[in-house]
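As structure tokens, the structure follows; a few thoughts come after it.
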Amino acid sequence: MNTKNILISISWILLLSSGIINNNKKPLTKWETIISKNGIKIEYRWIIYKDSIKTRENKSVFHVKAPIKIILQQFKSSNKLKKWSTGIKACKVFEDKGDEWYTYFRYKIPWPLEQQDLVSIVKRYKTENSTILHMISTPKKIPFVKNIKRLKNTETIWILKPISKNITSIEVRSISVNDPLIPRFFQDKIVFNLLIDSFLNLKKMAEEQKTPMLID
């Protein structure tokens, strides 16, 4: 096995051990569809996370008529990220080192509900047939903002697989161990509609993008 394949294998093993796609993760229920809109659906199941935490894992799969390089551009630009991320008041991509960078989101939450923000590290992995973006909350990375709750214990993985030269399959899985702002039933309707709108915006922007920036 050459050095490149060894590095790919090690990266994949580390990602498997991180939790979100760990084969030892304990599902408690089967996948159920929570919302379906404009050809995109979001499913969820209850799991035991990190051996002791009962929480939900969400999953969505959709196709984009664009190559992976163009899709990645939507994550690496602060302006583009804000355009497709529905429900975001402000965002920033910073400390970009190529295969690792940070993102900051401040959510657009109506008063008098508690205001929230999120800081995450994003790590990019490549396998022989896919590109993975692994996002983990890093609440202490930057100073806290007064009167804004910093979210923690969130984890998201994006798996990008080429179906053909210009069509990519995207699978998104996410976990958030944070209490809902309002009863879960009502919050789900708001949050998951915003999430699907974000996926649709990403799809539209990537499909309309003509020239990708240089991302290896």
Residues that are among the polar types (S, T, N, Q) and either exposed (fewer than 15 other Cβ atoms within 10 Å of the Cβ) or more than 17 Å from Ser174 (Cα to Cα) (or both), drawn from the range 101-137: Gln115, Gln116, Thr127, Asn129, Ser130
Selection status of Thr156, part of a strand (DSSP E or B), in contact (Cβ under 8 Å) with a residue 24 or more places away in the chain and more than 14 Å from the chain's Cα centre (by Cα): no
Any hit, the range 39-60, residues being touching a residue at least 60 places away in the same chain (Cβ under 8 Å), hydroxyl-bearing (Ser, Thr, Tyr) and in contact with a helix residue (DSSP H, G or I) (Cβ under 7 Å, 6 or more places away or on another chain): yes
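Select, from Thr103, Thr138, Thr154, the only residue that is at pLDDT below 95 and over 13 Å from Ile68 (Cα atoms). Write out each step before concluding.
Details: Thr103 fails: at pLDDT below 95; Thr138 fails: at pLDDT below 95.
Among Thr103, Thr138, Thr154, only Thr154 is at pLDDT below 95 and over 13 Å from Ile68 (Cα atoms).
When you scan the range 181-193, do you find a residue that is in contact with a Lys or Arg (Cβ under 8 Å, 6 or more places away or on another chain) and surrounded by 13 or more Cβ atoms within 10 Å (Cβ to Cβ), even just one?
yes
Hey, among Tyr44, Tyr49, which residue is modelled with pLDDT under 95, closer than 19 Å to His134 by Cβ and within 19 Å of the chain's Cα centre (by Cα)?
Tyr49
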Cβ pairs under 6 Å, 6+ apart, first in the range 173-187 and within 16 Å of Trp46 (Cβ to Cβ) and at pLDDT 80 or above, second among the hydrophobic types (A, V, I, L, M, F, W, C) and surrounded by fewer than 16 Cβ atoms within 10 Å (Cβ to Cβ): Val177/Ile53
Output for the range 106-135, where each listed residue is modelled with pLDDT under 95 and within 30 Å of Asn147 (Cβ to Cβ): Tyr107, Lys108, Ile109, Pro110, Trp111, Pro112, Leu113, Glu114, Gln115, Gln116
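The values are calculated or read from the model by the stated rules, or taken from the named source; none is laboratory data. Everything numeric here is computed off the predicted structure, so don't read it as measured data. Using ideal geometry, Cβ is built from the backbone for each residue, glycine included, and neighbour counts are taken over all protein chains shown.
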